[in-house]
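Dropping the structure in here first, questions after.
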Amino acid sequence: MRTPLLTAALALAALAAPAAHAQLLPSFGVAGGVNFASLNDVTGADLDNATGYHIGLYADLGFGPLAVRPGIYYLRAGDVETVGGAELVSADFITIPIDVRFQTPLPVLKAYALAGPEFRFPVGDGGALVDTRAVNVAANVGVGASFNPPLAGPSGFLELRYAFDVTGFAEATGATSGDSDYRVSLFMVRAGIGL
């Protein structure tokens, strides 16, 4: 005959075991959202359509308070109008963020903070006035919450992030002085659903 306390402990262990096991194996999902871009102060340059979007896939691996979530996304930031409006340069990227999350160790709803690098690969040609780099690096910081049901149902997350462009994605050709690097930094709202 089991005592009520022992029965409750066994039921809790049965609910927590699948969640703990799922943390050890990577989970995958889709994510996307809206972003608000800003361009550093490059003389004569302007960022059109500063509201954009991003969509992609991610993998999630973690246990306890630490988790890693790499992903691959298409990011539409807008178009950069170069000096005097002579040319538009696309600020679209394929991005690979590698988020390191520090999360609360709760089994179902976890709050977290994240930080990590993001590698951006520009999509399209820079044109004659701008030399687009093959890859640029950004740094991400953010906060969010994830929902991980223990037995069934999809997992998910909602987060706010800021991506600061470190290296710049393009450089004005023939520039001789000042900062001629085009840097796009973004505030993002992202939601994801585990598959």
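A short reminder: the numbers here are calculations on the coordinates, not readings from a lab. Nothing here was measured: the structure is a model prediction, and the numbers come from that model. For neighbour counting, all protein chains shown are included, and Cβ atoms are generated from backbone atoms with ideal geometry for every residue, glycine included.
Hey, fewest Cβ within 10 Å first, where do LEU66, LEU186 land in order?
By the 10 Å Cβ count, ascending: LEU66, LEU186.
Now a separate question. Can you tell me how much longer the chain between VAL137 and LEU109 gets when fully stretched, taken as 0.36 nm per residue apart minus their C-alpha distance, in nm with one decimal?
6.9 nm
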